[in-house]
Amino acid sequence: MKRLLLGWAWLMGVGAFVAAQQPSEYKAHAGLVHALVFSPDGKLVASAGFDGTVKLWTYSNGQLKELRTLSGHAGPVYSVAFSPDGKTLASSGVDKTIRLWNVEDGKQRSEIKGHTDIVDGVAYSPDGKLLASASADKSVRLWNPADGKEVKNLGTHGGTAYTVTFSTDGKLLVSCGGDALVKVWDVAAGKELKALKGHEVGSTGAVFAPDPAQLISIGQDKFLRVWDVNAGKETDKLGPCPDDPYGIAFHAPSQKLVTVGYAGNVLWWDRAQKKAIFQKKLTSPAYCITVTPEGNAVLTGHDNGTIVVTPLMGK
């Protein structure tokens, strides 16, 4: 009898393990989920929804639990970013504003105005002293989050500026645009350094990986392009993706590079082999992706208002 019970416990354990490897879906927003980001300590997740809200979630052991809803934007929310100390959350959207929220109680601290169209992307500098934004008005700007004042209008893209990303040392800012360009800006000098040309159509995102000299971008041409930032040259190309990649993330501790596309394909890329070593087709179009603190799963935001947690199973 004891042996039978042990056998049953083992089978239950295997069943739990198998179940844990399947994607978990959470209903998050009444509209599509356009952005997801972990807090610096990895305990919270912020989501941006086209229902006009920002939501905060607790994250532990692959499980999400809704903590609170932040309401204030007059229209869809496009982007969210935690300050480096994790105390403030920035969000931006269709109402042309950037809003700063107190993470502890969910109250709005300030509203930043200046853009004349949708603010598609926001990002904090590593020291938290600057906030960068990208907009459908084509401009890329720097702000002082302490007082909400514009520090510098860096310049423009030939189309919508979609995303902004700081280098790990904070010296460079990268923006991606509908003009297919990936632009590199000198933060201290407040000027454009380089316009990286290679994507055939709009560039939708970029990450520094693993150092400030190397950049990886994605575009609607379905390719990931690797750049030597100092030389301003493309050094490698991965792909093509099975769909238009809209989200890209790099997890420094595990060196995982992941993307997600409009058809719902989650891909984990091996840069040496120049191919995906993991692919999972999800059921709804996806717009964003982030890697869990442990590096063993990804969170993706979807057209149907869900957040999906997908374990990464290496080959």
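The values are calculated or read from the model by the stated rules, or taken from the named source; none is laboratory data. For clarity, every value in this text was computed on a predicted model and none was experimentally measured. Every residue, glycine as well, gets a Cβ built from its backbone with ideal geometry; the counts of neighbours run over all protein chains shown.
List of remarks:
- All conditions in (1) within 17 Å of the chain's Cα centre (by Cα); (2) at pLDDT below 95; (3) among the aliphatic types (A, V, I, L, M) hold for Ile218, with the sole exception of (2).
- Test result for Tyr124, modelled with pLDDT of 95 or more, among the aromatic types (Phe, Trp, Tyr) and in contact with a Gly (Cβ under 9 Å, 6 or more places away or on another chain): no
- Test: residue in region 146-156 that is β-branched (Val, Ile, Thr) and touching a His at 6+ places or on another chain (Cβ under 9 Å): no
- Failed criterion for Gly62 (all others in (1) modelled with pLDDT of 95 or more; (2) touching a strand residue (DSSP E or B) at 6+ places or on another chain (Cβ under 8 Å) hold): (1)
- Each residue in region 178-192 was checked for being farther than 18 Å from Asp137 by Cα, of a type outside the set (A, V, I, L, M) and part of a loop (DSSP other than H, G, I, E, B), and 1 of them qualify.
- Within the set Val45, Val33, the sole residue that is crowded, with 20+ Cβ neighbours inside 10 Å, modelled with pLDDT of 95 or more and closer than 17 Å to His251 by Cα turns out to be Val45.
- Wholly within region 57-134, strands (runs of 3 or more DSSP E) carrying at least 3 residues that are closer than 25 Å to Ser24 by Cα: 63-71, 77-82
- Among the strands (runs of 3 or more DSSP E) confined to region 272-315, the ones with at least 3 residues that are in contact (Cβ under 8 Å) with a residue 24 or more places away in the chain and under 26 Å from Lys237 (Cα atoms) are located at 275-281, 286-291, 297-302.
- Failed item in (1) crowded, with 19+ Cβ neighbours inside 10 Å; (2) more than 18 Å from the chain's Cα centre (by Cα); (3) under 26 Å from Ala48 (Cβ atoms), with Ala206 passing the rest: (2)
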